[in-house]
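Bear in mind that the values in this text are calculations on the coordinates, not laboratory data. Predicted model, so just to flag it, every value in this text is computed and none were measured. Reconstructed Cβ throughout: ideal geometry from the backbone, glycine too, with neighbour counts over all protein chains shown.
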Amino acid sequence: MTLHIDSKYVNLISHRVRNFKRKKDNLWNFSCPLCGDSQRNKTKARGYVFQKGNGLFYRCHNCSASTNLGNLLKNLDASLHKEYVLERYKSGESGFSNFKDPNFNIPTPKFGKVERQQFFQHGEYCDKLPSGHFCLDYLRKRGVPAKHYKSLIFTSKYRDFVSEILPGGDKNILNDARLVIPFYNEYNELIAVSGRALETNDKILRYITLRTTESDDKLIYGLDRIDFTKKIRIVEGPIDSLFIHNCLASGDANLDLVAKSVVGDSVLIFDNEPRNREIVNTMSEAINSGYNVVIWPNNVKGKDINEMIMNGLSSDEIEDIISSNTFKGLQAQTKFVFWKKV
């Protein structure tokens, strides 16, 4: 009965919000009435009403407002909210936990980190997985330090996991088992997830990355654990960044875009692939722009840091190689000419 009543009142507010649309059973989408969604683009619709337990909840992916349906109604129309409360009371369902009366969770200016979500219905932090779990076997095979297991997530159903954190998200993604690499900003807020397939080697679908917030900013991995007062290392792959101190990951070869996005002294560490035209071109541009760039020596085996680890090098050894082979300016150009001919 709860969902029936809640659904009825969602439909009653359809004319009060912009871009109202029923996406499917128990999922509605419309422009957020709390923040206005977008003043420049009136077609933006980042507010979602979705099922959670026995009732409906509201979340905006623009202002991050999060509350139950009752509080949303109270904000929109006090008289309609009273009718809703009365109808819930008559049905004997006013005591459901989803009808508690919390304040709207509308963000205020941030002065520190927020607490991360500790529980996922369709995911589990890797440090909580039982011994012998195949995801742990995968992490050990890659040589990922155990200290990072607590910040990585396993899901057996990636599409369900994405739907949990991003109602109305992409429904066409695979619902397979994946290692989830969560991207956080400097305030510990989740800004994206990248699911690495564990049961297939299809290169096209090996990684599926989705933003959880609306932004045109360059997606960067590791912002939550970086010290901006120290030298910042920038690599391509998120997993590569787990082996290096104070390291960010770009997710692609555009390391210079990350360097432009962060304030501080940085070193660009491209993959060791002299036959990759994209990497060669972006490295050349970075050197010409005056960045500190690592030019890997010929005796290092492995196309990236993780492969170097799997080939027997330790993190400390790779740190030493990076420190000894960081160049800029004319020296970098000279080293680069020899590297790309290897």
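Results, tabulated for the structure shown:
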quantity: Expected-Rg normalisation [2.2 N^0.38 Å, Cα atoms] applied to region 202-275; calculated: 1.12
quantity: Qualifying chymotrypsin sites (Phe, Trp or Tyr not before Pro) for region 182-226 [loop in DSSP, other Cβ within 10 Å: at most 15]; calculated: 187
quantity: Region 124-211, relative contact order in percent, only Cα pairs under 8 angstrom and at least six apart counted; calculated: 21 percent
quantity: Cα-derived Rg to Rh of region 172-218, Kirkwood definition; calculated: 1.02
quantity: Neighbourhood charge, 10 Å Cβ-Cβ cut-off, centred on residue 51 and excluding it, Lys, Arg +1 and Asp, Glu -1; calculated: -1
quantity: Calculated Rg and Dmax of region 156-255 using C-alpha coordinates, Å; calculated: 14.0, 42
quantity: Residue 146-residue 288 pseudo-label distance in nm [points 7 Å out on the Cα-to-Cβ vector]; calculated: 4.9 nm
quantity: Relative frequency of Cα-Cα separations exceeding 16 Å in region 225-339, percent; calculated: 55 percent
quantity: Where trypsin sites (Lys or Arg not before Pro) fall in DSSP loop in region 165-253, at most 11 other Cβ within 10 Å; calculated: 171, 203, 230
quantity: Relative contact order [Cα under 8 Å, 6+ residues apart], region 2-99, whole percent; calculated: 22 percent
quantity: Highest-fluctuation residue, 129, 86, 152 considered, GNM on the chain with Cα pairs under 10 Å; calculated: 86
quantity: Region 11-70: trypsin sites (Lys or Arg not before Pro) falling in loop per DSSP and having at most 16 other Cβ within 10 Å; calculated: 18, 40, 42
quantity: Cα-only radius of gyration and Dmax that characterise the chain, units Å; calculated: 24.0, 80
quantity: Relative contact order computed over the chain (Cα-Cα under 8 Å; 6+ residues apart), in percent; calculated: 9 percent
quantity: Local net charge near residue 157, Cβ-Cβ under 10 Å (Lys/Arg +1, Asp/Glu -1); calculated: -1
quantity: Cα gyration tensor, region 124-211 - rounded (a/c under 1.5), prolate or oblate; calculated: oblate
quantity: Region 2-18 - phi-based ³J(HN,Hα) in whole Hz, Karplus 6.51/-1.76/1.60, Gly and Pro as x; calculated: 4, 5, 4, 5, 4, 4, 4, 6, 4, 5, 5, 9, 4, 7, 9, 10, 7
quantity: Normalised convex hull volume, region 45-85, alpha-carbon set, Å³ per residue; calculated: 67 Å³
quantity: Alpha-carbon radius of gyration plus Dmax, which is the widest Cα pair, for region 2-99 in Å; calculated: 13.0, 44
